[in-house]
Amino acid sequence: MKETPVEILMVEDSEADIKLAQVALKKAKLINNLHIVKDGHSAIQYLKRGRGFENSTRPDLILLDLNLPRLNGHEVLKAVREDPDLTSLPVVVLTTSDADKDIINSYRLHANCYITKPVELDKFMEVVQNIEHFWVKIVKLPPKD
Ligand SMILES: [Mg+2]
């Protein structure tokens, strides 16, 4: 069976975390393309192919930070779940927050899972690789049309 790349959209404003995720995903050696947007507004524009993102690739999986400029992660998640065309997209919340209200709110908005970023760099990379391994190798993602 030919493997098609898994398209991952990372919504993250921390340059350091973006770099680490890129290194981690490269090391994991699974076939994927990582797309990055750095604020909530751009995330929605990317997903809806709005201005500046007319040719964006539809992601198979979204890694979503919560504390973001312009619109926060919860607002992005809400917009995804309210759009019939996007609602089935798996969303992994990946954030520094471990506040109960953020966790509850994320699941209320139908996040597929909630992960608090480990502060240690190597642990963070390990988590990113584990996310990818689970979502790419184990999970059945919605079929592409
Ligand atoms: Mg952030």
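The values are calculated or read from the model by the stated rules, or taken from the named source; none is laboratory data. Remember, it's a predicted structure, so these values are computed and weren't measured experimentally. Because the Cβ atoms are built from the backbone with ideal geometry, glycine has one as well, and the counts that use them run over all protein chains shown.
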Original post:
Of everything in the range 8-31 that's crowded, with 18+ Cβ neighbours inside 10 Å and of a type outside the set (A, V, I, L, M, F, W, C), which residue is farthest from K144 (Cα to Cα)?
Top reply: D17
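Just for the range 1-33: of the residues that are without any contact (Cβ under 8 Å) to a residue 24 or more places away in the chain and part of a helix (DSSP H, G or I), which one is farthest from the ligand (Cβ to nearest atom)?
K26
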Subject >> Search result, residues across the range 70-93 that are in contact (Cβ under 8 Å) with a residue 40 or more places away in the chain, crowded, with 16+ Cβ neighbours inside 10 Å and either of a type in the set (G, A, S) or within 16 Å of the ligand (Cβ to nearest atom) (or both) >> reply: G73, V76, V92
Original post:
Hey, does the range 49-60 have a residue that's buried (at least 19 other Cβ atoms within 10 Å of the Cβ), within 16 Å of the ligand (Cβ to nearest atom), at negative phi and at pLDDT 90 or above?
Top reply: no
Original post:
What single numbered condition from (1) at pLDDT below 95; (2) within 16 Å of the ligand (Cβ to nearest atom) fails to hold for N67?
Top reply: (1)
**OP:** Sort out which residues of the range 99-145 are of a type outside the set (S, T, Y), in contact with a Phe, Trp or Tyr (Cβ under 9 Å, 6 or more places away or on another chain), within 16 Å of the ligand (Cβ to nearest atom) and touching a residue at least 12 places away in the same chain (Cβ under 8 Å), and write them in order of number.
**Re:** D102, K117
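What residue, of V37, V6, V23, V11, is closer than 19 Å to V92 by Cβ, of a type outside the set (K, R) and over 15 Å from the mean Cα position of the chain (by Cα)?
V23 is the lone residue from the list that is closer than 19 Å to V92 by Cβ, of a type outside the set (K, R) and over 15 Å from the mean Cα position of the chain (by Cα).
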